[in-house]
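Let me begin by presenting the structure, written as structure tokens, before commenting on it.
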Amino acid sequence: MKKIISTVLSLLVSGPAIATEISPTQKMLAEAKRMNKVNYPDAGSVSFEYHFRDIGGHVMWCAYATGGNGNFCVKITQEIVANTDRAARDYCKTADTDEDTPPHAVYGELWDLDYKCKGGRMSRLPLEMALDSEGFVRSQWKPLP
């Protein structure tokens with residue numbers, strides 16, 4: 001746990017690093033699967049697809065439950081954000097109540113942006129609160145010990 005905290009802190013204070021997807025070793029894959037079972041103990045027979053990135057010498061992993069919605073563990077482009085913002089704005093214009101949250105079908109895997117409707121207008125958190133410097137959703141990626 002101490003190593004994970006240390007890795008996260010060093011990633012936060014280090015300058016921008018270019019992340020590259022890497023092929024995992026058997027040991028890396030086994031550790032990610034073990035950690036994923038801790039995170040999702042009730043996943044049962046769900047099949048996961050694992051992705052690994054090297055960010056300045058730190059290995060990060062992400063698990064995607066296959067058969068899900070998509071856009072998990074992938075880079076979120078400005079175009080994806082613009083399209084999601086447009087869909088959320090349209091939803092908010094016609095929301096049934098003065099305060100509403102758009103459904104998952106509107107914002108997809110960008111739930112970390114915390115889309116909200118108030119008075120027919122859409123709001124969300126700034127991108128840098130949810131996406132890392134490479135454009136990946138921060139909460140989806142975890143450091144590998």
### Task
When a/c is below 1.5 the answer is rounded, else prolate if a/b is larger than b/c, else oblate, so apply that to the stretch 44-93 with a ≥ b ≥ c taken from the square roots of the Cα gyration tensor eigenvalues.
oblate
### Query
With a sphere of radius 10 Å drawn around the Cβ of Leu110, what net charge do the other residues whose Cβ falls strictly inside it have (Lys, Arg +1; Asp, Glu -1)?
-3
### Query
Ranked from highest to lowest mean number of other Cβ atoms within 10 Å per residue, what is the order of the peptides 86-95, 55-64?
55-64, 86-95
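Could you work out the local net charge near Gly135, counting Lys and Arg as +1, Asp and Glu as -1, over the other residues with Cβ closer than 12 Å to its Cβ? Please list the in-between numbers first.
Numbers: positive: Arg53, Lys75, Arg138; negative: Glu79, Glu128, Asp132, Glu134.
Neighbour charge sum, excluding Gly135 itself: -1.
From the Cα trace of the stretch 56-145, what convex hull volume per residue do you get, rounded to a whole Å³?
Values: hull volume 9.0 nm³, N = 90.
Per residue, the Cα convex hull of the stretch 56-145 comes to 100 Å³.
How would you classify the stretch 78-129 from its alpha-carbon gyration tensor, with a ≥ b ≥ c the square roots of the eigenvalues: rounded for a/c under 1.5, else prolate if a/b is greater than b/c, otherwise oblate? Mind showing how you got there, number by number?
Values: a/c = 1.84, a/b = 1.60, b/c = 1.16.
Prolate, since a/c reaches 1.5 and a/b exceeds b/c.
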### Message
Tell me the relative contact order for the stretch 78-129 as a rounded percent, counting alpha carbon contacts under 8 Å between residues six or more apart.
### Response
34
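Values in this text are rule-based calculations from the coordinates and carry no lab data. Worth saying up front: this structure is predicted, and the values here are computed from it rather than measured. Cβ: placed from backbone, ideal geometry, glycine included. Neighbour counts: every protein chain shown.
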